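All remarks here apply to the structure that follows.
The values are calculated or read from the model by the stated rules, or taken from the named source; none is laboratory data. Please read all numbers here as calculations on a predicted model, not as lab measurements. Here Cβ is always computed from backbone atoms with ideal geometry, including for glycine, and neighbour counts include all displayed protein chains. Areas reflect the complete protein model, heavy atoms only, side chains present, ligands, DNA and RNA absent. Shrake-Rupley method; radii C 1.70, N 1.55, O 1.52, S 1.80 Å.
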Amino acid sequence: PVAQVEREALKLAIQRPGLVGPQFDDLDDAAFTVPPYSAVRAVITTAGGASTANGADWAAQLRDNAADDTTKSLITELAVENIRATTDDDPRYAAAVIARVRELRATRVIEELRGRIQRINPVEQEAEYNRLFGVLVGLEVERHGLREQALGAL
């Protein structure tokens, strides 16, 4: 499921950059965990981001900026593969996909943070424990909001 969501986000950034532009560009590098998808994300960033896409030449520009043939081939695949949306220009679908990518990223950070909290002795390191717990609560709230945004837009 993670790979499917990442792939769909990249297809949108390549085929319909006007729908996801700034939201896609705001995703951090760690949002893409599948190495080939992370490479495509890096190419998009190097090209100036989805918000700077310039029409039909966008996919060709990305291919030209790709470092290797594997990434070039993947960009070509993503440029022609059907987007799952009911219509080509569905902003709700695009928002849902980006929210889902952000939600998955938040989930990974939450799991990492929970592991750190479990290794802390709350009696001996009370201040650090409380600080991390506060961050965890904030991330849980953010993740819940992203989940609702993703589901509500579909």
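Ordered from longest to shortest, the equivalent ellipsoid semi-axes for the chain are 34, 18, 12 Å, each the square root of 5 times a Cα gyration tensor eigenvalue.
Counting every C-alpha pair in the range 48-123, the share spaced more than 22 angstrom apart comes to 51%. Positive-end ranking of Val141, Ala85, Ala99 along the dipole of the chain, with charges on Cβ about the Cα centre, is headed by Val141.
Note on the chain: with charges restricted to the Cβ of Lys and Arg (+1) and Asp and Glu (-1), its dipole about the Cα centre is near 260 debye. Per the Debye formula on identical point scatterers at the alpha carbon atoms of the range 109-154, with no solvent, log10 I(q)/I(0) at q = 0.25 Å⁻¹ is -0.83. Span-like helix check, the chain: qualifying full DSSP H segments, with Cα axial length of 27 Å or more and mean Kyte-Doolittle of -0.5 or more, are 91-118, 126-153. Placing a label point 7 Å from the Cα of Glu128 along the Cα-to-Cβ direction, the residues of the range 93-116 whose backbone N falls under 12 Å of that point are 116.
Across Glu111, Glu142, Glu126, mean-square fluctuation computed from a Gaussian network of the chain (C-alpha pairs under 10 Å connected) peaks at Glu126. How about the range 1-107: which trypsin sites (Lys or Arg not before Pro) there are in a DSSP loop, with at most 16 other Cβ atoms within 10 Å of their Cβ? Hits after loop and neighbour filter: Arg84.
In the range 1-46, the C-alpha radius of gyration followed by the widest Cα-Cα span (Dmax) gives 9.5, 27 angstrom. Ranking Ile44, Asn130, Thr71 by Cα position along the charge dipole of the range 24-147, where only Lys, Arg, Asp and Glu carry charges on their C-beta atoms, puts Asn130 farthest toward the positive end.
Calculated from the alpha-carbon coordinates, the range 10-99 shows an Rg and a Dmax of 11.9, 34 Å respectively. Just the protein heavy atoms count here, and of the accessible area of the range 16-153 at 1.4 Å, carbon and sulfur take up 51 percent.
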